[in-house]
Amino acid sequence: MATTQTQTLTPSMKRERRANQRRYAFYLALIVIGLVAPFFAYPVFLMKVLCFALFACAFNLLLGYAGLLSFGHAAFLATGGYVTGYLLSSYPAITPELGILVGTGAAVLLGLAFGALAIRRQGIYFAMVTLALAQMVFFFFVQAPFTGGEDGLHGVPRGHLFGFISLRNNLAMYYFVFVIFLIGFAIVQRAVHSPYGQVLKAIRENEPRAVSLGYNVDAYKLLAFVLSAGLAGLAGSTKTVVFQLASLTDAHWHMSGEVILMTLLGGVGTLFGPVVGAGLVVSLQHMLAQSPLGTWVGPILGVIFVICVLSFRSGIVGEAMKMYRKNFK
Amino acid sequence: MTMIFGVPLAVFMGQLLLGLINGAFYALLSLGLAVIFGLLKIVNFAHGAMYMLGAFATLLGMRYLGINFWAALVLAPLFVGLLGMLVERFLLRRIGHLDHLYGLLLTFGLALIFEGTLVNFFGVSGARYPTPEALQGGFQTGFMFLPKYRAFVLVAAIAVCLVTWYIIERTRLGAYLRAGTENPALMQAFGVNVPLLVTLTYGFGVALAAFAGVLAAPLYPVSPTMGSNLLIVVFAVVVIGGMGSILGAVLTGLGMGLIEGLTKVYYPEAANTVIFLVMILVLMLRPAGLFGKEA
Amino acid sequence: MTFIKKTLASSIAIAATAAMATTAQAEISDGEIRIGYLADMSGVYRDLAGPGGLEALRMAVEDFGGSVNGAPIQVFSADDRNSADVGANTVREWIDTRNVDMVAGLVASSVTIAVTRVLEENDSFGIVSASAASSITNEHCTPNHIHWVYDTYPLANGTAQAVVQQGGETWFMLTADYAFGHALEGDVTRVVEENGGEIIGRVRHPFPTDDFSSYILQAQGSGAQIIGLANAGADTVNAINTASQFGVVEAGQQLAGLLVFLNDVHAMGLEATQGLLLTTGWYWDMDDEAREWSERYYERVGRMPTMVQAGIYSSTYHYLQAVEATGSDDPQTVREYMMSQPIHDFFARNGQLREDGRMVHDMYLARVKSPEESEGEWDLYEILTTIPAAEAYRPLSESQCKLVQN
C-alpha cells in the first residue's frame, strides 16, 4: 500500500487520473453554467427543470442501476410536496429547509412501505404493483382534508431560508434550488459509484447470481427503492416551495409516465441522461403550451415515447457516449 | 323488510348484481391482458385505449356509416383487432427480443397517442350512444329495476369469456397457443408459424378490449379518456389474479366487481380504493396472485 | 436577459412619462395592452371555455378595433391542462417576462385560485370567467381579480329554490366527494331547508366516477322526490345518463343538476336530459341581442357559445372600455372604473361589479327541452324565470372577503 502512494504512477492509474480530472473539469463547467444560467433564462423555468431533473435522477437510480421500473413515482413526488406544503402553510414558524426535510422524510417512509410490498415481484409485475399503489395514494390525496382535494394546496409561503434569507426573490430561490439539486445529484452519483452501486448493477444483470454470491438482494433493492423515493420526495418538496402550491397533477399516474419518458429520452442508466431528458421534456411542454400546438402535447410526448423505445433506447446521453467512445477512444 | 348488516335486502342484492356487471368489464379486459401476456409476455398498456377505440368505432360507425349496435358488436372488435395486428406486426415485433418492459413503455406511448389525438377531434365531454331499441326498458325484479341492457352486458360478457376459455383450452388453435406460450422455439421448429400466431393473439386480445368498449358505449359517455382510468383498476385486478390462467382472470374480474359493489353499499368513499387494498393484501399473502404460479 | 430587458423597458417608460408629461397613452404600460388567455384547451373543460373562449376573446378585441387609445391589443394564450402548477407558472412567467396586463379565461377552480394568488403578489389583473367556486370572491378574493359569469352560490340558490317551490320537498343528494362538492351540497341543503324542504339522504361518490348505477339505485331506494346532483362535468353527465337508464324520471323522481353546462346537455342529448332544471348565467337563444352575437360566434366556431364563452367576450369588452376611459391599464384604476359603471350588454343584464370582485347579474332558471320541443341541434333550454341579480348571489353581508367591511 505504501509503495503505491510514493512510487510513480502506472499508465493505467495515469489514465484514470486524467479521466477523473476531465470529469471534475466537466462537473465544474456544469456548475458554472448552473450559476450563471438565471441571468440568461427565466429563473422559475430553470427551477422547474432542476426539480424535474432531480425527480428523473431519482427515478433513474431505480431503473438505470437496479433495473426496477417503477410506474408509481408520482406518489413520492406528491407526498413530498403535500407534506412540505401543508407544514409551511399551517405553521409559519417552520423554515423552508426544515419543511423540505420533513417532506423528504415522509416520502422515505412511504418508499419503505411501497418498497416492502413491491420488491416481492419483478419486472412487469413490479411496474403494475407500483402503479396500483400510487393510484391508491392518489385517491388518498383526493380525500385527505389537508390536501385541499381537487383544489390543491395554494399560497404556500416561500418563507425565509434558515430564518433570515428571503426566498421571495426568484434569484435567491434559484440558488437554493440549485444547491438542493447538487446535493441530490451528488447522492445519486455517490450511490452509483460506490460498492453498493456495483452490487445493484450486479443484481440488475443477474439476480440469481447475486443471491448465490451471498448478497441479500431484497435489502439492496429496498434500499435503492427508499433512496429513490426519498430523492423524488425531495424534488416534490422543493417544487412546492418554488411554485408555492401542491396539486393532484403531481400525484397522477401521467406524472409517473412523464418521468419515465424524461429518463428514457435522456438515457437510462447514465448520470446526466435524466437531467437532459427532464430539460427537454419540460422545455417542450413549455413551448407547446404557448403555441397553437398546445393541445397536441399528449400525442407528441407519445410519439417521442414510441420513437425512443423503437430505435433510441440509449437515449440522448447514451447515444452521445457511444459515439464518443467509438470516435475518441 | 329483511336487513343485511343494516342495509335493506333489496339494496344489497341490487348492488351485488351491479357489481357483477362491472366485474364483467373487468373480466373482459383482464382476460384480454392475460391472453396477450401469455404469448407476448408484455403488459399491454394500450389496452384501455383499445377499449376506448372500440367504443368510438361503435359511436362513429353509427354516426357516419349507419352501423347499428348489433353489427358494431362484431365489426368494432374486428376493426380494433386489425389495428392491433398492425401495431404488433410493425411496432411490437421490432422490440420482441428486448426486455418486456419496453413493450409496456411502447404501448404506453401508443395509448398517449390514441387518446391525445381523439381528444383533439372529439373533446372530452363524452358523447352518448343510445341503448339499442331491443334492449330498452328493464325488468322489475323482486328487489330492483334492472335495465335490460345491463342484463345483456352481463350475459354477453360471460359468454364471450367462456368462448375464449373454450378456444384456448379445448381447441387445436388454443393448443398451439398454449404450446407457443411454453416454448415458442420448439413450436417454430414443428412448423407452426409462431410470428403469425403472436400477431393473431395480440389482435384477439385487443379485440376483446374493443368488445368491452362496444358494450360500454351505451352505458358510459364515450370519451377519449374513458379507458385510461379503468385500465389501472384492471391492472390491479390482474395483479390480484395473477396472469397465469384464463379462468383466473375471469373469476378475479367478476369477484372484484362484487367486492366493489359491496363497498359501495357500506362505505362508498372507499369504492375507488378497495381493489387496491385487496391487491396489497394478496401481495402480502400470495405474491404471485390468487391464480398465479410462483415465478 | 429578460430582467435586463424588463428594467430597460421600464426605465424607458419612466423616462418617456417624465418627458411627455402625462398623456393618457403614456399610462398604458409598454404602449400595449397585453391579454393572456389561460384555459383548459385539451382536457375535460375544453368545450366549456377552451379554444372557443379564445375565439370569443379575439372577437371582443376585433370589435373594439384592435387598439385602445392607439395602443395595440396583443392576445396570447396557453393551455393550463387543468393543472394549478402549469397555470400559476404560466401566469408568473407572463408577468415576469411579458408584463401581461390582464389574464382572461381561468377555468378549473384549483387553477384559478392558484393564479389569483400570483396575480395578487405581482399586482396584476385577472378576469375569471369559467370557474365555479364561489370562494373565488369570498375567502379567496383579492384586489387583483374579478369573477364574471357565475358561481356555485346562485346555481344552488336558483335551482334548489325553484325546485322546492314547485313541490320538490324531499331531496336525495348525490355529491362529489371533494371540497367543491361538499360546498355545493352545503349550499343546496341550506336553500332546501330554508324553503321548507328536507334532505332525506345523501351519498358521496368518489371523484371521478364512471359508474353511477349503484348510487342511483340508492337514490331510488330513498324514495325522495328530487335527486340533487352536487357534482360537475363528466360526473354529472354520467349520473344523468345512468338515471335515464334506470328509469328514474319515468318512476316519478326528478333530477336537479346544480352545475350543468350547455356543452354537457349537448353532449348527453335531450333524450337523457329532458326536464332537467338548471340555473344558467346566460343562454344563447334567450333574446335577440344574445342570438345576434351567438350567430356571429357560431359562424366562426361552428358551435353555439356556452355562457362562459359569451362571458369572456363581455368581460374583455368591458375591460377594454375601462382602459379606454381611464387611459390606464393599472389594475386598481381599471377595477374602480369597472365598479363605477353599470354593466349591460348582450350577456349581462342589471350587472354590477361589487367590491369583492363578484360581477352580479341576472341569472336564469332553465328547463331542458324534450326532443319533441327542440327545433335544432342547439335548441336545448327553455328559460323559465329570471332570478334578479340582487337575489341570485351571496349577499355582501355574508361575505368573508377581506375587501368587504362587515
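Provide the packing ranking of C:186-198, A:20-32, A:255-267, B:88-100, i.e. peptides ordered by the mean count of other C-beta atoms within 10 Å per residue, highest first. Don't skip to the answer; put the middle values down first.
Numbers: C:186-198: 17.7, A:20-32: 10.8, A:255-267: 26.6, B:88-100: 15.8.
Those peptides, ordered most packed to least, come out A:255-267, C:186-198, B:88-100, A:20-32.
Taking amide H positions as placed 1.01 Å from N in the peptide plane, with prolines and chain starts having none, which residues 5 or more places from C:Arg34, or on another chain, fall under 5 Å of its amide H?
Under 5 Å from the amide H of C:Arg34 lie the amide H atoms of C:Gln74, C:Asp101, C:Met102, each far enough along the sequence or on another chain.
Quick one, what does Rg over Rh come out to for the stretch A:90-170 if you take C-alpha atoms and the Kirkwood Rh?
On the Cα set of the stretch A:90-170, Rg over Rh gives 1.10.
How many nm separate the modelled label positions at A:Phe40 and B:Ala159, each set 7 Å beyond the Cα in the direction of the Cβ?
So the label points at A:Phe40 and B:Ala159 sit 6.8 nm apart.
Which whole-number percent is the relative contact order of chain C (Cα, under 8 Å, 6+ apart)? Could you put the intermediate results ahead of the total?
Details: 812 pairs, mean separation 69.3, N = 406.
Across chain C, relative contact order equals 17 percent.
7 Å from Cα along Cα→Cβ at both A:Arg120 and A:Glu205: what's the point-to-point distance in nm?
In this crude label model, A:Arg120 to A:Glu205 measures out at 3.1 nm.
Kindly write out, for the stretch A:162-172 in residue order, the coupling ³J(HN,Hα) from the Karplus curve 6.51 cos²θ - 1.76 cosθ + 1.60 (θ = phi - 60°), rounded to whole Hz, with x marking Gly and Pro.
3J(HN,Hα) across the stretch A:162-172, in whole Hz: 6, x, 9, 9, 6, 9, 5, 6, 4, 5, 4.
If you take each beta carbon of peptide B:67-78 and count the beta carbons of other chains within 10 angstrom, what is the mean? If you can, show how the numbers build up before the last one.
Numbers: counts 0, 0, 0, 0, 0, 0, 0, 0, 0, 0, 0, 0.
Whole-number average of other-chain Cβ neighbours for B:67-78 is 0.
Bin by bin, in steps of 5 Å, what percent of the Cα pairs in the stretch B:55-117 do you find, going until the bin that has the longest distance?
4, 16, 19, 19, 16, 12, 8, 4, 1
If you place +1 on the Cβ of every Lys and Arg, -1 on the Cβ of every Asp and Glu, and leave all else neutral, what size is the dipole of the protein assembly as shown about its Cα centre, to the nearest 20 Debye?
Values: 60 positive and 74 negative charges, 1236 e Å.
That gives the protein assembly as shown a dipole magnitude of about 5940 debye.
From Cα pairs below 8 angstrom and at least 6 apart in sequence, can you work out the relative contact order of chain A, rounded to a whole percent?
On the way: 487 pairs, mean separation 98.5, N = 329.
Across chain A, relative contact order equals 30 percent.
Magnitude of the Cβ-charge dipole of the stretch A:41-328, K/R +1 and D/E -1, about the Cα centre, nearest 20 debye?
Working: 15 positive and 9 negative charges, 140 e Å.
The calculated dipole for the stretch A:41-328 is roughly 680 debye.
Going 7 Å from the Cα of A:Ala113 toward and past its Cβ, which residues in the stretch B:204-233 have a backbone nitrogen under 20 Å from where you end up?
Inside the label zone: B:233.
Hey, what angle do you get for helix C:331-340 against the long axis of chain C, alpha-carbon based, 0 to 90 degrees rounded to 10?
Approximately 60 degrees, to the nearest 10.
Which listed residue (A:Ala232, A:Leu284, A:Pro208) has the Cα farthest towards the positive end of the charge dipole for the stretch A:41-328, taking +1 on Lys and Arg C-beta and -1 on Asp and Glu C-beta about the Cα centre?
Ranked along the dipole, the leading option is A:Pro208.
Kirkwood hydrodynamic radius (Cα pairs, Å) of the protein assembly as shown?
On the way: mean 1/r = 0.0330 Å⁻¹.
Taking every pair of different Cα atoms in the protein assembly as shown, averaging 1/r and inverting gives 30.3 Å.
By the scheme Lys and Arg +1, Asp and Glu -1, what is the net charge of all other residues having a beta-carbon under 14 Å from that of C:Leu184?
Working: positive: C:Arg190, C:Arg202, C:Arg204, C:Arg394; negative: A:Glu150, A:Asp151, C:Asp151, C:Asp177, C:Glu185, C:Asp187, C:Asp235.
Surrounding charge for C:Leu184 is -3.
Could you work out the local net charge near B:Tyr202, counting Lys and Arg as +1, Asp and Glu as -1, over the other residues with Cβ closer than 12 Å to its Cβ? It would help to have the intermediate numbers written out before the result.
On the way: positive: B:Lys41, B:Arg89, B:Arg93; negative: B:Glu88.
Computed value for this residue: +2.
Tell me the label-point distance for the pair C:Glu382, C:Glu139, using the 7 Å Cα-to-Cβ offset, in nm and rounded to one decimal.
4.1 nm
Could you tell me the relative contact order of chain B? Use alpha-carbon pairs under 8 Å, at least six residues apart, and round to a whole percent. Let's see the in-between values first.
Values: 446 pairs, mean separation 110.7, N = 295.
38 percent.
Which ³J(HN,Hα) values in Hz, rounded to whole numbers, follow from the phi angles of the stretch A:176-186 under the Karplus curve 6.51 cos²θ - 1.76 cosθ + 1.60, where θ = phi - 60° and Gly and Pro get x?
Once θ is set to phi - 60°, the couplings for the stretch A:176-186 become 4, 4, 4, 4, 4, 4, 4, 4, x, 5, 4 Hz.
Amide H to amide H under 5 Å from B:Thr131: which residues, 5+ apart in sequence or cross-chain, H placed 1.01 Å off N in plane?
Hits under the 5 Å cutoff: none.
Can you work out the FRET efficiency for the pair C:Ser67 and C:Lys402, with r the C-beta to C-beta distance and R0 = 30 Å, to the nearest 0.05?
Computed FRET efficiency for C:Ser67 and C:Lys402 comes out at 0.25.
Tell me the angle of helix A:96-118 to the major Cα principal axis of chain A, expressed in degrees between 0 and 90 and rounded to the nearest ten.
Tilt relative to chain A: about 70 degrees.
Obtain the radius of gyration and the Kirkwood radius of the stretch A:41-328 from its C-alpha atoms and give Rg over Rh. List each step's numbers first, then the result.
On the way: Rg = 18.5 Å, Rh = 19.1 Å.
Computed over Cα atoms, the ratio is 0.97.
Which entries of B:Lys148/C:Lys369; A:Lys201/A:Lys326; B:Lys41/B:Lys264 have Cα-Cα distances beyond 32 Å here? Could the numbers behind the result be given before it?
Numbers: B:Lys148/C:Lys369 26 Å; A:Lys201/A:Lys326 24 Å; B:Lys41/B:Lys264 35 Å.
Cα-Cα > 32 Å for B:Lys41/B:Lys264; rest within.
Work out how much length C:Ala251 to C:Phe76 would gain on full extension: take 0.36 nm times their residue separation and subtract the Cα-Cα distance, in nm to one decimal.
My answer for the length gained is 57.9 nm.
Calculate the mean, over all residues of peptide B:236-242, of how many other protein chain Cβ atoms lie within 10 angstrom of the residue's Cβ.
Counting Cβ atoms of other protein chains within 10 Å of each residue's Cβ and averaging gives 3.
Residue by residue through the stretch B:193-210, what is 3J(HN,Hα) from phi via Karplus (6.51 cos²θ - 1.76 cosθ + 1.60, θ = phi - 60°)? Round to whole Hz and write x for glycine and proline.
My calculation for the stretch B:193-210 gives 6, 5, x, 5, 4, 5, 4, 4, 4, 4, x, 5, x, 6, 5, 4, 4, 5 Hz in order.
Could you tell me the convex hull volume per residue, in Å³, taken over the Cα atoms of the stretch B:101-216?
Working: hull volume 20.8 nm³, N = 116.
Convex hull volume per residue, Cα atoms: 179 Å³.
Less than 11 Å Cβ to Cβ from C:Lys402, Lys/Arg counted +1 and Asp/Glu -1: what total charge do the surrounding residues give? It would help to have the intermediate numbers written out before the result.
On the way: positive: none; negative: C:Glu120, C:Glu139, C:Glu355, C:Asp356.
So the environment of C:Lys402 carries a net charge of -4.
Please report the equivalent ellipsoid semi-axes of the stretch A:91-249, computed as sqrt(5 x eigenvalue) of the Cα gyration tensor, largest first, in whole Å.
Values: eigenvalues 222, 89, 23 Å².
Equivalent ellipsoid semi-axes, largest first: 33, 21, 11 Å.
Report, by chain and number, residues whose modeled amide H sits under 5 Å from the one on C:Glu198, excluding near sequence neighbours (fewer than 5 apart, same chain).
C:Thr170, C:Trp171
How many Cβ atoms of partner chains, on average, are near each residue of C:264-277 if near means within 10 Å of its Cβ? Write out the running numbers ahead of the final one.
On the way: counts 3, 1, 2, 10, 5, 4, 0, 3, 3, 1, 0, 0, 0, 0.
For this peptide, the per-residue mean of nearby foreign Cβ atoms is 2.
On the first, second and third principal axes, largest extent first, how far apart are the outermost C-alpha atoms of chain B in Å?
Sorted from largest, the Cα extents of chain B read 66, 51, 35 Å.
Once you have a ≥ b ≥ c as the square roots of the Cα gyration tensor eigenvalues for chain C, tell me rounded if a/c is under 1.5, and otherwise prolate or oblate according to whether a/b is larger than b/c.
Working: a/c = 2.08, a/b = 1.92, b/c = 1.08.
In terms of gyration-tensor shape, prolate.
Shape of the stretch C:147-254 from its Cα gyration tensor (a ≥ b ≥ c, root eigenvalues): rounded if a/c is under 1.5, otherwise prolate when a/b > b/c, or oblate?
Values: a/c = 1.69, a/b = 1.11, b/c = 1.51.
Because a/c hits 1.5 or more and a/b fails to exceed b/c, the stretch C:147-254 counts as oblate.
Can you find, among C:Gln341, C:Thr273, C:Phe172, the residue sitting farthest towards the positive end of the charge dipole of chain C, where Lys and Arg contribute +1 and Asp and Glu -1 at Cβ?
Ranked along the dipole, the leading option is C:Gln341.
What value, in deg cm²/dmol to 500, does the helix sum -39500 (n - 2.57) over DSSP H runs of n ≥ 4 give at 222 nm once divided by the residues of chain B? Mind dumping the intermediate values first?
Details: 11 runs with 203 residues, N = 295.
The per-residue figure over chain B is -23500 deg cm²/dmol.
Sort C:Met339, A:Met173 so that the residue with the fewest other Cβ atoms within 10 Å of its own Cβ comes first and the one with the most comes last. Mind showing how you got there, number by number?
Working: C:Met339 16, A:Met173 23.
So the ranking, lowest neighbour count to highest, is C:Met339, A:Met173.
Could you give the length gained by full extension between A:Arg15 and A:Asn169, i.e. 0.36 nm per residue of separation minus their alpha carbon distance, to one decimal place?
Working: separation 154, 0.36 × 154 = 55.44 nm, distance 4.49 nm.
Additional length available on full extension: 50.9 nm.
How large is the charge dipole for chain B, taken about the Cα centre, if only the Cβ atoms of Lys, Arg (+1) and Asp, Glu (-1) carry charge, to the nearest 20 debye? Provide the component values of the computation, followed by the final result.
Details: 14 positive and 9 negative charges, 69 e Å.
Around 340 debye, computed over chain B.
As I understand it, the value is the acute angle between the Cα axis of helix B:172-182 and the longest principal axis of the Cα atoms of chain B; what does it come to in degrees, rounded to 10?
Helix B:172-182 and the main axis of chain B meet at about 70 degrees.
Which order results if C:Tyr153, C:Tyr337, C:Tyr364 are arranged by neighbouring Cβ count within 10 Å, fewest first? Could you put the intermediate results ahead of the total?
Details: C:Tyr153 25, C:Tyr337 19, C:Tyr364 22.
Lowest to highest Cβ neighbour count: C:Tyr337, C:Tyr364, C:Tyr153.
Can you list, bin by bin at 10 Å, the percent of alpha carbon pairs in the stretch B:19-163, starting at 0?
So the P(r) values, bin by bin, are 10, 34, 34, 17, 5, 1.
Read-outs throughout are calculated quantities, based only on the coordinates presented, and are distinct from any laboratory measurement. This structure is a prediction, so every number in the text was calculated from the model and none was measured. Backbone-built Cβ (ideal geometry, glycine too); neighbour counts: all protein chains shown.
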